[in-house]
Amino acid sequence: MAKTELPKPKSAKATILYGLITRQEISEQEYPFNGFRSRVSDLKLKHNLPIRFKKIKGKNQFGHAMVYRVHYLWRISIPKAIRLYRKINGA
């Protein structure tokens, strides 16, 4: 997939959407602001973006078992995501 030149994100929602467009997958651990889950949910439900997820098992820094989600878009959804990004980001 060719890299698309997009303007820098101007909000937390745009930042998450930018990550979904430009990376294979994103997770809550990579975004240091509150509300990651609600913004992903908003993109899915309010904006009808087909964000997928898979569960990853691992261990935290103390060696305890943990499960977290990584979110991604299918390639076919990227053009729709780019249009939405431009709308949300005011570009």
When (1) within 23 Å of Lys10 (Cβ to Cβ); (2) more than 13 Å from the chain's Cα centre (by Cα); (3) part of a helix (DSSP H, G or I) are applied to Val40, the one that fails is (2)
Return yes or no: is Arg86 exposed (fewer than 15 other Cβ atoms within 10 Å of the Cβ), within 14 Å of Thr15 (Cα to Cα) and out of contact with any Asp or Glu (no Cβ under 9 Å at 6 or more places or on another chain)?
-> yes
Please state which one of Gly35, Gly63, Gly58 is within 13 Å of the chain's Cα centre (by Cα), surrounded by fewer than 15 Cβ atoms within 10 Å (Cβ to Cβ) and not hydrophobic (A, V, I, L, M, F, W, C).
-> Gly35
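Please indicate, with yes or no, whether at least one residue in the range 3-14 is among the hydrophobic types (A, V, I, L, M, F, W, C), farther than 18 Å from Leu84 by Cα, surrounded by 12 or more Cβ atoms within 10 Å (Cβ to Cβ) and over 10 Å from the mean Cα position of the chain (by Cα).
Here is the first cut: in the range 3-14, the ones among the hydrophobic types (A, V, I, L, M, F, W, C) are 6, 12, 14.
When the remaining residues are screened for being farther than 18 Å from Leu84 by Cα, the result is none.
No: the range 3-14 contains no residue that is among the hydrophobic types (A, V, I, L, M, F, W, C), farther than 18 Å from Leu84 by Cα, surrounded by 12 or more Cβ atoms within 10 Å (Cβ to Cβ) and over 10 Å from the mean Cα position of the chain (by Cα).
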Quickly run through the range 6-22 and pick out the residues that are free of Cβ contacts under 8 Å to residues at least 24 places away in the same chain and under 19 Å from Ser77 (Cβ atoms).
-> Thr15, Gly19, Thr22
Which of the residues belonging to the range 57-79 are of a type in the set (A, V, I, L, M), under 25 Å from Thr15 (Cα atoms) and either touching a residue at least 40 places away in the same chain (Cβ under 8 Å) or outside any helix (DSSP H, G or I) (or both)?
-> Val67, Val70, Leu73, Ile78
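Bear in mind that the values in this text are calculations on the coordinates, not laboratory data. Values in this document were obtained by computation on a predicted structure and should not be read as measured data. Every residue, glycine as well, gets a Cβ built from its backbone with ideal geometry; the counts of neighbours run over all protein chains shown.
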